[in-house]
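Since the structure comes first, as structure tokens, the remarks are kept for the end.
The values are calculated or read from the model by the stated rules, or taken from the named source; none is laboratory data. Being a predicted model, the structure only gives us computed values, none of them experimental. All Cβ positions, even for glycine, are placed from backbone atoms using ideal geometry, and neighbour counts span all protein chains on display.
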Amino acid sequence: MNNSIVGVWDMRHTSLTLGGLLLFLAELKVMAQLHKAKKSTICFLADTKALDGVHVLAPHDLEKVPLFSVLKDVQGIDEFLRADSMDALYKYAKKRGEKPIYWPKPTNHKEESQLYGYNSTLRLQMTFLEQGHIPLVQISPTLITWASQFLREHTSGKLPIAVHLKNNPSALGDNNANMDEWFSFLVGAQQYGNVVFILIGNESIDSRITKISNVLVTKSFNLTLSQELSLIAEASGFIGMSSGPASMAIFSRTPYVIFHNSNQRPQALVKELGESNHFSFAAPGQKFLRCSDVSSSIMKEFAWLLPIAKERYILQR
């Protein structure tokens, strides 16, 4: 069978992140569409104890790692593998009589570390400009139904806006939220009495923020990562910091404003965005801003986002 595609993530050289994984899923769906593949597989290159160098990851295997667990809840991927080398992967496919397309393709089979980088949206943006569309990262219908019910039960008919405030002490300055500024914004945003902010993530958040009356903290519900992503996908809007969870909004149709306040990857972002404040594949109502998250800017952008989110809310009902 040669109408299948295998997406390869080399964990021996590039660590897996949530944002990287969601981008990889989006790219693999694009490649499957371009090649008219009827089967899509993801393979992680890493040390494995499997006798033939390839281990099939069953649902219970995916559950053991939070990031992997997301994979079983997205649509469009048929099989998950772990292999210790590309050669082992080739032999595995040959044994099954398959001739899949491998993507990204190693530039040299003897130098597997030369796989494409995993953190750039350029390929997606180029595909969108050529094709006019890209497939979205879609959470399973079961989880979307759960998210819709959760939001109805906990927002009392008010507008649900998902928020993620990155707070990683080990990565100071790398898109961590300015808690003082977000507290000031959220207090000021209480003037919009019909809004509930759904605070996503398991980070430690300033207690002043979590105590605000119209802030719902999902951490207190002990949700899975997939459930939190489904809330972002189903919310009427998203606002927050550039982060792994924010990538769910980027690869969905949820209206969003994302703040990137880090000096990391400035040249890469110039290549990806130029002078624009959105990706080429972004829908109207989706902004990616390279600026500091100060309360006045957050409030200004939220005022821009609000009517778009309200329109989505009406269409969802």
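Things to note:
- Counting residues in the stretch 57-69 that are in contact (Cβ under 8 Å) with a residue 24 or more places away in the chain, closer than 14 Å to Tyr102 by Cβ and not in a loop (DSSP other than H, G, I, E, B) gives zero.
- Neighbours by Cβ (under 8 Å, 6+ apart or cross-chain): first from the stretch 298-317, crowded, with 18+ Cβ neighbours inside 10 Å; second part of a helix (DSSP H, G or I) and small (Gly, Ala, Ser): Phe302/Ala189
- Considered as a group, the residues in the stretch 213-236 that are in contact (Cβ under 8 Å) with a residue 24 or more places away in the chain and small (Gly, Ala, Ser) include one that is farthest from Gly201 (Cα to Cα), and that residue is Ser236.
- Residue list for the stretch 32-47, restricted to those being of a type outside the set (A, V, I, L, M, F, W, C), closer than 25 Å to Ser15 by Cβ and surrounded by 14 or more Cβ atoms within 10 Å (Cβ to Cβ): Ser40, Thr41
- Within the option set Ser230, Ser252, Ser243, Ser247, being buried (at least 21 other Cβ atoms within 10 Å of the Cβ), touching a His at 6+ places or on another chain (Cβ under 9 Å) and either closer than 28 Å to Lys64 by Cβ or among the hydrophobic types (A, V, I, L, M, F, W, C) (or both) holds for one residue only, Ser243.
- Count of the stretch 155-212 residues which are surrounded by fewer than 14 Cβ atoms within 10 Å (Cβ to Cβ), of a type outside the set (S, T, N, Q) and in contact with a helix residue (DSSP H, G or I) (Cβ under 9 Å, 6 or more places away or on another chain): 2
- The set of residues in the stretch 257-290 being within 15 Å of Ala177 (Cβ to Cβ) and either in a strand (DSSP E or B) or of a type in the set (Val, Ile, Thr) (or both) consists of Val257, Ile258, Phe259, Leu289.
- Among the candidates Asp73, Asp87, Asp78, residue that is modelled with pLDDT of 90 or more, surrounded by fewer than 14 Cβ atoms within 10 Å (Cβ to Cβ) and within 16 Å of Phe24 (Cβ to Cβ): Asp78
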